[in-house]
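Throughout, read-outs are computed from the coordinates displayed, never taken from laboratory work. As the structure is a computational prediction, the values presented were derived from the model and not from experiment. Here the Cβ positions follow ideal geometry from the backbone for every residue, glycine too, while neighbour counts run over all protein chains shown.
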Amino acid sequence: MSSTNTLRHPDCRTAAHAEAAQVMQWLQSVPDPEIPVISIVDLGIVREVAWEGDECVVTITPTYSGCPAMQAITEDITGLLGARGIERVRVATRLAPAWTTDWMSARGREALRQYGIAPPQEKAIDVSGITRRSAVSVACPQCRSARTRLISDFGSTSCKALYRCLDCGEPFDYFKAH
């Protein structure tokens with residue numbers, strides 16, 4: 001993001017032209033519609049906040065190109081920023097590079113774990129950016145045991161797999177690295 005696109009105002013909490021960092025902080029309160037314990041910022045789909053004249057442009061990357069939650073996310077962003085006094089908001093979609101679980105924040109991963117979903121245990125892409133790494137042991141989000149077993153490659157959504165803990169016996173979703 002170019003600093004020339006970010007307009008500064010002395011009172012970012014109520015200004016029509018809040019700093020990009022302040023807008024990003026506000027967006028922390030927008031939950032993902034499918035997993036409401038993680039914000040769209042911590043999920044890593046908010047890529048940029050910039051100003052183009054008097055219009056605030058929030059650029060997002062969907063977790064996959066056909067994500068049905070994008071309309072709800074767009075409405076949540078425009079509603080939140082409108083309530084903060086930003087009258088002109090545009091939500092832009094950027095498909096490349098494709099979203100990866102590597103963009104999730106540490107806070108988002110911990111929120112998933114506390115919710116009972118095992119967060120991705122590995123990086124989705126190696127340092128070359130070309131090949132995927134092999135899966136690692138998935139720890140149970142309930143008891144943290146590494147003694148778990150894959151039940152199904154497909155969980156409650158396509159981005160999750162279903163596991164069972166061999167120690168506490170609980171089934172749980174694993175948010176697959178991708």
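Structure notes:
- Projected label distance in nm at residue 69 and residue 121, using a 7 Å step from Cα toward the beta-carbon: 2.3 nm
- Separation of the residue 147 and residue 59 label points, Cα + 7 Å toward Cβ, nm: 4.9 nm
- Note on residue 157/residue 24: beta-carbon distance plugged into 1/(1 + (r/R0)^6) with R0 of 22 Å gives a FRET efficiency of 0.30.
- Taking the average, over residues, of other Cβ atoms within 10 Å as the packing measure, peptides 51-62, 153-164 rank 51-62, 153-164 from highest down.
- Gain on full stretching of the segment that runs from residue 114 to residue 48 - 0.36 nm per residue minus C-alpha separation: 21.0 nm
- Order by protection proxy (mean Cβ within 10 Å, highest first), peptides 93-103, 168-178, 35-45: 35-45, 168-178, 93-103
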